[in-house]
1. Report the extension gain between Y374 and R246 in nm, rounded to one decimal, defined as 0.36 nm multiplied by the number of residues separating them, less their alpha carbon distance.
2. For the Cα atoms of the chain, what angle does the longest principal axis make with the long axis of helix 250-263, in degrees from 0 to 90, nearest 10?
3. If the only charges are +1 at each Lys and Arg Cβ and -1 at each Asp and Glu Cβ, what is the size of the charge dipole of the chain around the Cα centre, to the nearest 20 debye?
4. Beta carbons within 10 angstrom, averaged per residue: use that to sort the peptides 377-389, 274-286, 228-240, highest first.
5. Report the antiparallel proportion of the DSSP beta bridges in the chain as a percent, rounded to a multiple of 5.
6. For region 121-216, take the convex hull of the Cα atoms, compute a quarter of its surface area, and give me that in nm², please.
7. Let me have the 222 nm mean residue ellipticity of the chain computed from DSSP H runs of 4+ only, each contributing -39500 (n - 2.57), with the sum over all residues rounded to the nearest 500.
8. Highest mean first, what order results for 349-355, 191-197 on Cβ atoms within 10 Å?
Amino acid sequence: MRRLAPALALGALLLTALPAHAADGPAHRESYGTKAPYAPRQNPRGYQKAPAGFAPVFTENVSRHGSRTATDSEDGDLILALWDKAEEAGQLTRGGEEFGPKVRALQAAMAKAGYGSLSGRGRQELADAAVRMERRLPSLFAEIADTGEKIDVVSSGQGRAVDSGTEFTHALAAAAPGLEPLIGPARTDKDLLYFHKAAGGAAYRDYIENDQRLKDTLKGITDQPRTRKAARSVLRRIFTEPFVARIPDQAGAARAVYNLYAIAPAMSEESPDGQGWGMERYLSRTDAAWFGYLGDAEDFYEKGPGFAGSDITYRMAGVLLDDLFRQVEAKRNGTSDLGAELRFTHAEEIIPLAALMGLPGSTRPAAPGEPYTYAGNPWRGASVAPLGANIQWDVFKKGDRYLLRMLYNEKETAFKAGCRPITRGSAFYDLDELERCFGRG
């Protein structure tokens, strides 16, 4: 099993996220959609203190895997085939001459890391998140080490989720002496953490494959003049106008460029200078934002709040919400020997769970006849489920009373409307109140 190098461990202990590159800035981040690299959403010094007398006794999370390579070479292959033809015909722009070598280098870096695998940035994201967890709850992890409670690790079984769990637990063990022998061997539970492909996702898969309203809605969003205009704008940065005019599927070619743009920040550590690939040079901010919106629209309808009056996209996440409660209730009932439950999964699970739980940004479905737009809906993939996204429940005890605090991408977050915190504005909730609010028992 891989161990953190001393320098890596030291860097993680500084509690700093990876440095922001120019392409990760606020003007660009939203346009990456769910491929946006991870950044914690709250300063650790800003967390509320638990009420007097309450001590942490348990923590659990659900984490998306960290930044990764593209899942395959299709986008790079498509656009490089066009680039090669344009080069041969002398139909490249000045900027376009640099594009092909950049894409080939990016493709080679992803192939070396393994398509669909964690990148160096992704590994660091998970390591840093683990150390921040330990720093938030030092007394809990000290108690776990003293009492010999166990830490359970479970994933979807997919390589990048398994590797994310490995990076996380190695960093956690390095940050808190005595934990390593208490971290159980990682196990796989596809029904829990890959439910969109498991038996519980059968109705959902039928919706994705066969729902005509879904197909018509997404086609209507994509087939707008703005898409054609943005596509020509992107391609004209690489190819001459006559060459662009001969490309049969301009939107498809431009989307391939966008997809490379979107994955590039996740691969920043593999870039020649460790600072990035410069792919943002080939899309204006407005064009990147448009293609980002098209990607968000697809995720919104296929994984998120979706259509008003239907819960088909997120109903299946109930198995995961139930497990979050089940672990806490077992702790309260004295039937659990766990100090922490760590889960590693994918956007296809985080996005529906956020919708089911009514987390910020995921509360508003699309009304009939009103397609999802940025102007009309707060849902954004870069906020709801960036690479490395996570939901964490911390449990505190005093006597027979149990309180919960939720962190969403490491920001203290209120539970859904109708759930009452212990006092107005508090981040802490009685377990009994949350059971009532979520209809348990």
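1. Extra length from Y374 to R246 when fully extended: 42.9 nm.
2. Helix 250-263 sits at roughly 40 degrees to that axis.
3. For this selection, approximately 920 debye.
4. 377-389, 228-240, 274-286
5. 60 percent
6. That works out to 8.3 nm².
7. Counting only the DSSP helices, I get -14000 deg cm²/dmol.
8. Ranking the peptides 349-355, 191-197 by packing returns 349-355, 191-197.
The values are calculated or read from the model by the stated rules, or taken from the named source; none is laboratory data. Note that the structure is a prediction, hence the values are computed from the model and not measured. Cβ: placed from backbone, ideal geometry, glycine included. Neighbour counts: every protein chain shown. Note: areas computed on protein heavy atoms with side chains; ligands, DNA, RNA excluded. Shrake-Rupley method; radii C 1.70, N 1.55, O 1.52, S 1.80 Å.
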